[in-house]
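A quick write-up on the structure given underneath.
The values are calculated or read from the model by the stated rules, or taken from the named source; none is laboratory data. As the structure is a prediction and not an experimental result, all values here were calculated from the model. In this analysis, Cβ positions are derived from the backbone assuming ideal geometry, glycine residues included, and neighbour counts consider all displayed protein chains. For accessibility, only protein heavy atoms count, side chains too; no ligands or nucleic acids. Shrake-Rupley method; radii C 1.70, N 1.55, O 1.52, S 1.80 Å.
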Amino acid sequence: MSDKDSQWWRDAVIYQVYPRSYADANGDGVGDIAGIRARLGHLRDLGVDAIWMSPWYPSPMADAGYDVADFRDIDPVFGSLAEAEALIEEAHAAGIRMIVDIVPNHISSEHPWFKAALKSKEAKERDYFWFRPGRGENGDEMPTDWRGEFGGTTWTRTPDGSWYLHLFTPEQPDLNWDHPDVRAEFESILRFWFDRGVDGIRIDSAALLLKDPELPEVLEDTPHPFHDLDGVHEVYRAWRRVSDSYGGDRALIGEVWMPDIERFANYLRPDELHAAFNFDLLGCAWDPELMRESVDRTLLAHKAIGAPATWVLSNHDVTRHVTRYGRENTTFSFENNLDGTPVDLELGTRRARAAALLSLSLPGAAYIYQGEELGLWENENIPPEQFQDPMWGRRGHSRDGCRVPLPWTGDEAPFGFTTATPWLPQPAEWKDRTAQAQTGDPNSMLELYRSAIKLRHASLGPEFSWLDLGSSVLAFCRGHDFACVLNMSGAPIALPPHRTVLLASGPLDGDRLPPDTAVWMRLS
Ligand code: NOJ
């Protein structure tokens, strides 16, 4: 294997499979491993290098599988461990690597550890969590006033009168990472999956693991009690030793939401994680100055530490970018509850096409969230009584709108996803966005992604440099003659002198590039 292959995460195209919504083979309305295996050809034809599988472990599904009851098995709704092993093998045979999602900050309240901890105050498992007495005379006030990551409070009282910490839902008790058994258990879980051939681990909520045991309140100008504590780096150094022991081609990829890009880069030091999700561009408005700054900021921080940048436009937690880019306010943050504001889907789609060419030609790895390649938008018309996301009710925003099952074939729902009723409703308008309808249509989003991924592998040079085509145009070279030009001004612009246009996100106006359109070209 060449050095480039062995560091595959540095420039891979990684496709996020959200197993509940990819494809359902057993006819219960929920996606499963058999469905993924049956539709693996879609990913092979798309040309992706790796799959990141959102959690598929046994789980009560209080947070769609991010509440894990057993990290060494598969939830029956998705299939069996044998099927997971078969998928890993088949993906490898198709030239696709596999990344599994590990959730170390918390486990399910149905996990045997937590059950044992609840049963007896003397159980050794008690110390694997954050049990504390309450404040106030009767101990009936929570130990701290910390706000949860989904909003709401972070402590739940147990029948014995003590409280336990959960930064997310009460069904997701936080683990105590100061305890050696917790550390040993997760290192063993990493080995369990590496032994089954997985090529990488996505680490959920990677910056939250450590807590200040004094449990101070969150105050301005004092160190945060649970975000990004220095001690977390020791955990990842130990994980890196585990992954390195498999020959150096197994990657650790952190989910690190952090506004401070330098603190973010600390996770990527040579003896820690191989890569981390960069959400800077995802949160950025559709604005040339801001986007250029975001790209610069990202590349600079990663270069300083020798780590590859990553580019993410959508995932299972955020509003799909076709919708975001079609709104007046094009930024994303969890604080912005933008649901229900007017959306111009045609504009959003045009920009999403251009953004695909941008993110697939910037230096580093590119992530595609399932359905992005079909141009899916957020389903904002799900009746609230069908919402399953625990964030709904805590933050007044549901992430279900981006988790709707994929449309594969046919003219009406469920579009080949299932033979039953899909677990979330699909918009009728998706009849034009099925994989079947788009295959072979040169103007479709799917064919744009297929062509771009193929060209990306063949055409991008290693060096990155900006091309100055004015402040409203994002333009850069990769190597000596490959260029990506994205017109973010309100009017067509002249293309720079070139030999060939390799790919365009929309129709050109002669030799002019219309607004919200991107091209890849060979310069002359
Ligand atoms: C981040 C995951 O992406 C999200 O879906 C989940 O709810 C939280 N972490 C808690 O595990």
Original post:
Pick from the range 139-177 the residues that are within 16 Å of the ligand (Cβ to nearest atom), under 16 Å from ALA116 (Cα atoms) and acidic (Asp, Glu): which of them is most open to solvent (accessible area, probe 1.4 Å)?
Top reply: GLU171
**OP:** Determine, yes or no, whether VAL13 is under 19 Å from the mean Cα position of the chain (by Cα), over 20 Å from ILE368 (Cβ atoms) and either of a type in the set (Val, Ile, Thr) or not assigned by TED's automatic domain parsing to the domain that holds GLN386 (or both).
**Re:** no
Subject >> Selection status of VAL68, in the same structural domain as ILE201 (by TED's automatic domain parsing) and either in contact with a Gly (Cβ under 8 Å, 6 or more places away or on another chain) or within 16 Å of the ligand (Cβ to nearest atom) (or both) >> reply: yes
**OP:** Give the number of residues within the range 43-90 that are touching a residue at least 40 places away in the same chain (Cβ under 8 Å), in a helix (DSSP H, G or I) and open to solvent by 20 Å² or more (accessible area, probe 1.4 Å).
**Re:** 7
**OP:** Six or more apart or on different chains, Cβ under 7 Å: which pairs go from a residue in the range 279-292 that's charged (D, E, K, R) to one that's open to solvent by 40 Å² or more (accessible area, probe 1.4 Å)? Could you list them?
**Re:** ASP280/ARG297; GLU289/SER471
**OP:** Please specify each residue of the range 76-100 satisfying the condition of being among the acidic types (Asp, Glu) and under 21 Å from the mean Cα position of the chain (by Cα).
**Re:** none
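Quick one: which of VAL17, VAL77, VAL48, VAL13 is within 16 Å of the ligand (Cβ to nearest atom) and aliphatic (A, V, I, L, M)?
The conditions single out VAL17.
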Original post:
Just checking, which of ALA435, ALA365 is of a type in the set (A, V, I, L, M, F, W, C), closer than 20 Å to MET53 by Cβ, in contact with a Ser or Thr (Cβ under 6 Å, 6 or more places away or on another chain) and open to solvent by less than 20 Å² (accessible area, probe 1.4 Å)?
Top reply: ALA365
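For every residue, the table says whether it meets (1) within 21 Å of GLU255 (Cα to Cα); (2) surrounded by fewer than 15 Cβ atoms within 10 Å (Cβ to Cβ).
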| site | (1), (2) |
| --- | --- |
| PHE194 | yes, no |
| VAL198 | yes, no |
| LEU209 | yes, no |
| LEU219 | no, yes |
| THR222 | no, yes |
| PRO225 | yes, no |
| ASP230 | yes, yes |
Original post:
Any chance the range 248-264 includes a residue that's closer than 30 Å to GLY348 by Cα and assigned to a strand (DSSP E or B)?
Top reply: yes
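Residue-by-condition table, conditions (1) in contact (Cβ under 8 Å) with a residue 12 or more places away in the chain; (2) at positive phi; (3) loosely packed, with under 13 Cβ neighbours inside 10 Å:
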| residue | (1), (2), (3) |
| --- | --- |
| THR439 | no, no, no |
| PRO442 | no, no, yes |
| LEU455 | yes, no, no |
| LEU467 | yes, no, no |
Original post:
In the range 183-206, is there at least one residue being touching a residue at least 60 places away in the same chain (Cβ under 8 Å), over 21 Å from the mean Cα position of the chain (by Cα), more than 16 Å from the ligand (Cβ to nearest atom) and part of a helix (DSSP H, G or I)?
Top reply: yes
